[in-house]
Structure formats: structure tokens, C-alpha cells
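One structure below.
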There are 4 protein chains.
Amino acid sequence: MRKTLIGVMGPGEAATALEIENARELGRLIASVGWVLLTGGRNVGVMQAANVGAKELDGLTIGILPSAREVDTSPAVDIVIYTGMGSARNNINVLSSEVVIVCGMSSGTASEAALALRADKPVILLTDNQSARDFFPSLAAERLHVVDSPKQAIELTKRLIAGVGVRPS
Amino acid sequence: MRKTLIGVMGPGEAATALEIENARELGRLIASVGWVLLTGGRNVGVMQAANVGAKELDGLTIGILPSAREVDTSPAVDIVIYTGMGSARNNINVLSSEVVIVCGMSSGTASEAALALRADKPVILLTDNQSARDFFPSLAAERLHVVDSPKQAIELTKRLIAGVGVRPS
Amino acid sequence: MRKTLIGVMGPGEAATALEIENARELGRLIASVGWVLLTGGRNVGVMQAANVGAKELDGLTIGILPSAREVDTSPAVDIVIYTGMGSARNNINVLSSEVVIVCGMSSGTASEAALALRADKPVILLTDNQSARDFFPSLAAERLHVVDSPKQAIELTKRLIAGVGVRPS
Amino acid sequence: MRKTLIGVMGPGEAATALEIENARELGRLIASVGWVLLTGGRNVGVMQAANVGAKELDGLTIGILPSAREVDTSPAVDIVIYTGMGSARNNINVLSSEVVIVCGMSSGTASEAALALRADKPVILLTDNQSARDFFPSLAAERLHVVDSPKQAIELTKRLIAGVGVRPS
């Protein structure tokens, strides 16, 4: 049966403590709903934390790696896809996610948010980077939703998947 | 917990009745062992048949699609990865499979067999195309194994994963 | 002899009159220096205008297309690379450019600016989108340079290529 | 003005003396006609030899590299495209070539021949690997042409580009 994949994208090595805490909570909440967590799959930052959170509640986790083989793969990823494409794999991450939750901000993360909007995906932005909260809505106001907590992100994801009329905040 | 992904690659629209029968049996056998089936994910030929076979035994199936969105995705795929990369996704298929089972032959299939050998993956060739059975061992005799049935393919896959000394037939 | 490739990235269908004018001037200036112009190669917006500008001064132009074959290729591109990868080709654009000049803003353009920073490329931002001018320096202040005209962009590109100490404005 | 790109694909480190000699002659002949030579761009084997040959006659050379940055780039390549995609870049090589000349054989080379046929490109096969000469025509007899010398390859390329009725030998 077709599973629902929800992407969580965020910084790796440069993730802050708050971003990591939010990512872990997002992973937990995604697993609790029964969705599959999709991340970039590395063993650092937001990727690692989200996968650890999802596994705490026995969720299924999939990682789309930039490398061509096991290098710094998160041990909390169940299904590992090796792309060997570096950051070009960011586009696969967003194409394969029904909703893209952006948790934190970095150059790689910004590229995923932008690629998701380019691909007409709904994007939920959870970050305290104020310039990011100002900038991304300027690209596609109708698909970019700014939230303030993991819980808000998941409630909104549910409504987006249900197709309930949702207006960006 | 990290899952073992086994790739089954083969023709789409041009698959023969024998290739489809073999693919379905491969899917069943892969599911029966508890491995995850990885294919190109389209709803035709070897891809479709292998996924249907795996689902008959409640296996988990993952498809790496050439398209950027739902077009001709197999309904028997549980986890869909949209690459939007056309045939360049063939390289992801082989990088992500611990063992690549080639079931039948076509130009796309040949590219997957060759890319798998290029990536130092073990390849198991199940086809009655005699020129393919002659050609591929000339590329990398030590990693290319020719078999005559799905059952042989799966027995060999078990030994390859176990790291038991295996000599190509 | 190895040629110097300078990327100009910007909106397609949604480009404004100012962005198109700037792109054409960038193309002219790049050709006048003897550099090769690299763009996304489509026949619209900033891509088209930059290529037309470069050809006015007999520059060499290369386009990295998202499509797998001739669809909406700019007739002003001399050398066409078909990737068949959609927006994942954006990463190739920035990896292949010594300096990335971002002319205008859109979701695709933002992804290229972000991927360029992710790849440690120098990025020159020419846009009147104030939130973009605020946001991108927050990602990598040391490699992101905001300018106000095509001429400034080219002068800065010369200094960046010469390796002259350059501080972002 | 749109340039005609002709691809020459062949082994890297494992190239034989004959394959290298043929590649150099192909490069010379391609340059003499005024076509642009497209290769995988590395500084070894068929890629290196073809580029050196083309530069002997002042041809223009373009290389589509597997790496994300300068690593083992051929110094005889004028225009370097860095893909950072490993062997997935093989698909770009064939999509961007009007005709694909396969010079020699290896696993990477076989993948390019197969991907070219998959993409409906005309492929000219120049190799003394008899099993390859038997196998590839079985995939797409109408587009796969076996030749015995660089000169034959170029004569056939001219006819293919001119659209003159050409029957595979």
C-alpha cells in the first residue's frame, strides 16, 4: 500500500540545539501519525535527530544520501538510497515528499526549500531565522507556510494532505 | 534497523512472458526472505511483476522512478522515490542495491547491469539472451554471475550477502 | 586551452524588464572579457537575454538544459548540454561556473544561489528583491556579494578570478 | 550558432593501446570536420586521447566530468562541466551527443552505449571485443552500427547527421 512520505530538511553539522530539538520532535510526531520520514540521511544535525525521533516511536525512516556508498549514514535510517550525486539529490528529496518541512536554515536547506517551491510542493518553514521567514514567502506565498513549533507543522501537514483549504499564515 | 535492499532490474514494455514470470517469482522469493525489493517502479514489465510478487507475500517494495511525479507508477510499490532524472536514475538503483538481479534484457536493463559492474556491485544475470550471457562476463568476470532460475538467483544472493566465498559460474 | 566559465542565473518566464535588461548587459560584458557564458539555456527570461547579449559581442555560450532533448532551447546557445534532470541540473550549473552571478530572483534562482553557496562558490547577487539581499548573506557572508549593476558584477568577478582579496560589500 | 557535438566514449584506466590510438584519430577527424568533441573529460584512456587528438587540429573540446571539482580533468578539455554525479553523468554525455561513437569497451563504456540506445541515439561501435559486437545489435539493431576504423566511424557520422538513409552494417 502506498505510504505517505513527509520530508524533514535542515542543517547538518551547523544545526543549533533548538533545530535539533525541533527535528527530533518532528520525527516523533511523523511516526506517531504513521507517515514515513524522509530525510537527507546523514548522521548529523537535523537529519540524525529527526530519524532518531521517528525510531523512538517505531516509525519507518528513509534517507536519500548524497554519497555513493556508506560514509556518514545515520544508523537510524531503515532504508538507505545512495545517489552518488551530492547536493543534486536535494531535488529528489523534495520531489519524493508530499509535504516538505524545513527545520532550521543553512545553504543546503535553503536550496531544498527553493527546489520544493519550484516543484510546486507545499513547504512548511520552522525557523527563527527572521530573514528566511521574510524571504521565502516572497517566492511563492501560496505554498509557503511559516510555523512556530513542530506541533503546528504536523497539524498543518495533516490539513495539507487532507486537501483541506489551507491559507499560508 | 537497516534493511537489506535487493534490486531487480529488467525490461518494461518489452518484457517477455518468461521475464515477467521470473520477475514475479523473484519478488515472491525476496519478500519471503524478508528483504526489501528495489525496482525502477514503473507499472509495466519486470518492475510491475516483481512488485506484485513481493506484495503477494507482504514484502516491502520501493520504486525509484524516472519521472518527477506520479505518471506510470506501479500500484504495488509501497515507497515511491521520484527522481525526475530519466535513465540517470538507473545509477541510483544499482548504488542502493546490495545485489543487483538482472531479469531479462533491454537497452535500459543493459545500462543497469553495466552501471552495477562499474560500481563494483555483484550482479546476477537471469536471461535467455545468449549474447548477453556471453558479453557481461567479459566486463567483470569476478562479479558477474549467470544463473538459470529465480531460485538460483536467490540462493546466490544469500551467499553473496553472507560474504561466503562465491565464484561466478 | 581551459576556458573560464561564468554563470548567470535568473528567472525564466517570470523575469522582469529590469532583470532582462541586466541579463543582456551581463552577457555583453562577459563576452567582452573573453569568458564563456554559462546559463540554464532556455529561451526565456534571464537565460535568453544573457545569451543574446553575449552573442552580440561574439561570445561563446553554453546552456545546461533541464530537458532531455530540444524543447525550449535558446537559439543563442552555441553548445547545448541536455541533462534530462529537471531542476537537479541547477547543481551542475553552479559547480561548473567559476563565479555565479545571480540576476533577479525566483524559486529556481534561489535554489541556484543556495546550491552555489553550498558548493563554496563565490556568488554575486544583483536584484532589487530586498528580502533576498537580506537573506542570502545570512547563509555565507564571506562568499555572497551584493551589487547594484551589471558593471559592478563584472568588475567584482574579475577581482574574484584574479584572487585579489575581496570583501563582500 | 548551434554547434554539433559528437560524443566519443571509451575506457579510462583500462584502455588498450589500440583503443587509445583509435581515440586520438577520432579526435583528429572530429576536429577536422569542425564538430565539437564531447567526452567524459578525464585525463586517462580514450577520453584523454580523443581530446589530445582534437586539440592537434585546434578543435573545440568539452568534457562532462563525474567529479564535482577539478580532480583528474584532462588538460586538453577546453570547456569543463562538473556534474558531481559520478557515473550518472553518463546519461548526460549521450543525451548531449548527436551521435555516440563507442571506442573500446569496459563496464562504464557499456553503460554509455546502452543508455544511448535507450535514448534513441545512433551509436557507432568501434571495438575488437567480439562479444560486444554480437550483443549490442541485439538491443536495437536499427540504431547500432558496427565499424572497423575511425575513418569508417566518421564517414558514417556524416551520413547520420545528414539524415541520409543509413542501414546498420
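The values are calculated or read from the model by the stated rules, or taken from the named source; none is laboratory data. Because the structure is predicted, anything quoted here is derived from the model rather than measured. Quick reminder, even Gly has a Cβ in these numbers, built from the backbone with ideal geometry, and neighbours come from all protein chains shown. Heavy atoms of the whole protein, side chains included, go into the accessibility calculation; ligands, DNA and RNA do not. Shrake-Rupley method; radii C 1.70, N 1.55, O 1.52, S 1.80 Å.
Listed values, structure above:
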{"item": "So B:M85, is it at pLDDT below 95 and either within 24 Å of A:R89 (Cα to Cα) or in contact with a Ser or Thr (Cβ under 7 Å, 6 or more places away or on another chain) (or both)", "result": "no"}
{"item": "Positions within segment A:137-162 being open to solvent by 40 Å² or more (accessible area, probe 1.4 Å) and out of contact with any Pro (no Cβ under 8 Å at 6 or more places or on another chain), in sequence order", "result": "A:S138, A:D148, A:K151, A:Q152, A:E155, A:K158, A:R159, A:I161, A:A162"}
{"item": "Residues of segment B:3-25 satisfying the condition of being in contact (Cβ under 8 Å) with a residue 60 or more places away in the chain and closer than 13 Å to B:T127 by Cα", "result": "B:V8, B:M9, B:G10, B:P11, B:A15, B:T16, B:L18, B:E19, B:N22, B:A23"}
{"item": "Lone unmet requirement of (1) away from chain A (no Cβ under 12 Å); (2) charged (D, E, K, R); (3) part of a helix (DSSP H, G or I) for C:D58", "result": "(3)"}
{"item": "Test for A:E25: is it out of contact with any Gly (no Cβ under 9 Å at 6 or more places or on another chain), assigned to a helix (DSSP H, G or I) and at pLDDT 95 or above", "result": "no"}
{"item": "Members of segment B:1-28 that are aliphatic (A, V, I, L, M) and within 14 Å of chain A (Cβ to nearest Cβ)", "result": "B:M1, B:L5, B:I6"}
{"item": "Given (1) within 14 Å of chain A (Cβ to nearest Cβ); (2) open to solvent by 10 Å² or more (accessible area, probe 1.4 Å), number of the condition B:L37 does not satisfy", "result": "(2)"}
{"item": "Whichever residue in segment A:1-22 is closer than 18 Å to A:V94 by Cβ and part of a loop (DSSP other than H, G, I, E, B) and, among such residues, is farthest from the chain's Cα centre (by Cα)", "result": "A:K3"}
{"item": "Answer from A:D120, A:D134 - the residue that is touching a residue at least 12 places away in the same chain (Cβ under 8 Å), more than 14 Å from A:I6 (Cβ to Cβ) and not small (G, A, S)", "result": "A:D120"}
{"item": "Residue check for D:V71: more than 7 Å from chain B (Cβ to nearest Cβ), aliphatic (A, V, I, L, M), surrounded by fewer than 24 Cβ atoms within 10 Å (Cβ to Cβ) and in a loop (DSSP other than H, G, I, E, B)", "result": "yes"}
{"item": "Filter result for the condition that a residue is open to solvent by less than 10 Å² (accessible area, probe 1.4 Å) and of a type in the set (V, I, T), over C:V94, C:V52, C:V44", "result": "C:V94"}
{"item": "Conditions (1) more than 13 Å from the chain's Cα centre (by Cα); (2) hydrophobic (A, V, I, L, M, F, W, C); (3) modelled with pLDDT of 95 or more; (4) more than 22 Å from D:M85 (Cα to Cα); number of the one not met by B:L125", "result": "(1)"}
{"item": "Search result, residues across segment B:46-78 that are small (G, A, S) and without any contact (Cβ under 8 Å) to a residue 40 or more places away in the chain", "result": "B:A49, B:G53, B:A54, B:G59, B:G63, B:S67, B:A68, B:S74, B:A76"}
{"item": "Check on A:A31, assigned to a loop (DSSP other than H, G, I, E, B), open to solvent by 10 Å² or more (accessible area, probe 1.4 Å), at pLDDT 95 or above and more than 14 Å from chain C (Cβ to nearest Cβ)", "result": "no"}
{"item": "Residue under evaluation D:I64, criteria (1) open to solvent by less than 10 Å² (accessible area, probe 1.4 Å); (2) part of a loop (DSSP other than H, G, I, E, B), criterion not met", "result": "(2)"}
{"item": "Qualifying residue in segment C:43-55 (condition: in contact with a helix residue (DSSP H, G or I) (Cβ under 8 Å, 6 or more places away or on another chain), within 14 Å of chain D (Cβ to nearest Cβ) and outside any helix (DSSP H, G or I))", "result": "no"}
{"item": "Out of D:D128, D:D78, D:D120, D:D134, sole residue that is open to solvent by 40 Å² or more (accessible area, probe 1.4 Å), closer than 27 Å to C:V71 by Cα and among the charged types (D, E, K, R)", "result": "D:D120"}
